[in-house]
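Asks: Handing you this structure, nothing more for now.
The values are calculated or read from the model by the stated rules, or taken from the named source; none is laboratory data. Since this is a predicted model, take the numbers as computed values, not measurements. Counting neighbours? That spans all protein chains shown, and the Cβs are built from the backbone with ideal geometry, glycine included.
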Amino acid sequence: MRKIFQSSLTVSVFVLLFCGLSNAQKVDELIAEGDKLVEQFNNQKALESYLKAEKLEPNNWEILWRISRAYVDIGEHLPSSTDDQKDAQLKMFEKAFTYADKSVKLAPDQSITYLRRGIANGKIALFQGVFSAIGTVNDVKDDVEKAIQLGNGGNYIQAVAHYVLGRTHAKVCEKAYLVRLPIGLGWGDMETAIREFNIAIKLKPNFRMFYLDLAKAYIEEDEYDKAREYLYKIEKAPKQDEDDDKVLAESKKLLQEIKNK
């Protein structure tokens, strides 16, 4: 009887180990599948792959931040003409925040989790109006600064963190210092924005979006020669993002606007 019990226990342990290994392999395959779809700009299909992976491992932070990214990418490209469409878009960004927040709690030592939460919150703040969502804007700044402080994830993750921090400073600077100081946004600084954009470019060269926002910052500072330098670089930079064609079109328009300045 004892031998039978031991044999049954061994089989049970083997089955559990096999199922665990099988699930882990399936999760890895689904993540890889989703990542490949992201490279193809097929965000909806990527989300479906990540959600399947989440069902197998609901507390896997690597899956959760990817789901957050997918919701942001989908939300960015939803129509937003009607109130119903705007509500649907906001819900996407709120879902993105929820998943990123979970990933932060599961992996508080990883830059990518804070970065994705900062990006999701940034989309919510832009949707609601930066100067109507002051607490959210401050949260964005805190998260990307934390991502930079942790310093892991590789050059691309750090480049995006510096870029988002630069954009946050630039956006806050759209209102005069004395207007935003009393509401807790006095920290916004265009020189800091320019510095952060430049760091992002050093870490990830030839990214059109980085060049465009740096050029816009230089225009705000009336440094038109520097702005033109980076706007021209956009034409030579390879397409790496699904919105790069729009970035190129905007850069050409800006060049026309400042050609005599």
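Asks: Inside region 96-148, can you point out the residues that are more than 20 Å from residue 77 (Cα to Cα), small (Gly, Ala, Ser) and either part of a helix (DSSP H, G or I) or not assigned by TED's automatic domain parsing to the domain that holds residue 174 (or both)?
Replies: Answer for region 96-148, where residues must be more than 20 Å from residue 77 (Cα to Cα), small (Gly, Ala, Ser) and either part of a helix (DSSP H, G or I) or not assigned by TED's automatic domain parsing to the domain that holds residue 174 (or both): 103, 111, 132, 135, 147.
Asks: Follow-up question, since we're still on this one. It is to be established whether one or more residues within region 40-55 are modelled with pLDDT under 95, under 22 Å from the mean Cα position of the chain (by Cα) and not in a helix (DSSP H, G or I).
Replies: Checked against the condition, which is being modelled with pLDDT under 95, under 22 Å from the mean Cα position of the chain (by Cα) and not in a helix (DSSP H, G or I), region 40-55 yields no hits at all.
Yes/no matrix, rows are residues, columns are (1) surrounded by fewer than 19 Cβ atoms within 10 Å (Cβ to Cβ); (2) of a type in the set (A, V, I, L, M); (3) outside the structural domain of residue 137 (by TED's automatic domain parsing):
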| residue | (1), (2), (3) |
| --- | --- |
| 169 | no, no, no |
| 172 | no, yes, no |
| 187 | yes, no, no |
| 217 | no, yes, yes |
| 222 | yes, no, yes |
| 225 | yes, no, yes |
| 241 | yes, no, yes |
| 260 | yes, no, yes |
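Asks: Cβ-Cβ under 6 Å, sequence separation 6+ or interchain: first residue in region 227-255 and more than 26 Å from residue 43 (Cα to Cα), partner among the β-branched types (Val, Ile, Thr). Which pairs?
Replies: 227/219
Asks: Please go through (1) crowded, with 19+ Cβ neighbours inside 10 Å; (2) touching a Leu at 6+ places or on another chain (Cβ under 7 Å); (3) outside the structural domain of residue 166 (by TED's automatic domain parsing); (4) not charged (D, E, K, R) for residue 30 and return the number of the only condition it doesn't satisfy.
Replies: (2)
Asks: Within region 53-75, count every residue that is of a type in the set (D, E, K, R) and surrounded by fewer than 16 Cβ atoms within 10 Å (Cβ to Cβ).
Replies: Residues meeting the conditions: 1.
Asks: For region 180-207, give me each residue that is in a helix (DSSP H, G or I), of a type in the set (A, V, I, L, M) and either out of contact with any Asp or Glu (no Cβ under 9 Å at 6 or more places or on another chain) or touching a residue at least 40 places away in the same chain (Cβ under 8 Å) (or both).
Replies: 181, 183, 199, 200, 201, 203
Asks: Those residues that are buried (at least 23 other Cβ atoms within 10 Å of the Cβ), of a type in the set (A, V, I, L, M, F, W, C) and touching a Phe, Trp or Tyr at 6+ places or on another chain (Cβ under 8 Å), I need them from region 189-206; list them, please.
Replies: 197, 200, listed by residue number.
Asks: Let me ask something else. Give the residue that is nearest to residue 123 (Cα to Cα), with candidates limited to residues of region 71-91 that are among the small types (Gly, Ala, Ser) and either in a helix (DSSP H, G or I) or at pLDDT 95 or above (or both).
Replies: 75
Asks: Also, I was wondering about something else. Got a sec? Which of 212, 203, 181 is over 19 Å from residue 240 (Cβ atoms) and more than 13 Å from the chain's Cα centre (by Cα)?
Replies: 181
Asks: Then there is this: If I ask for residues that are in contact (Cβ under 8 Å) with a residue 12 or more places away in the chain, surrounded by fewer than 19 Cβ atoms within 10 Å (Cβ to Cβ) and aliphatic (A, V, I, L, M), which ones from region 129-147 would you list?
Replies: 134, the sole residue that qualifies.
Asks: Counting only residues that are part of a loop (DSSP other than H, G, I, E, B) and farther than 18 Å from residue 38 by Cβ, how many does region 231-261 have?
Replies: Total satisfying the criteria: 4.
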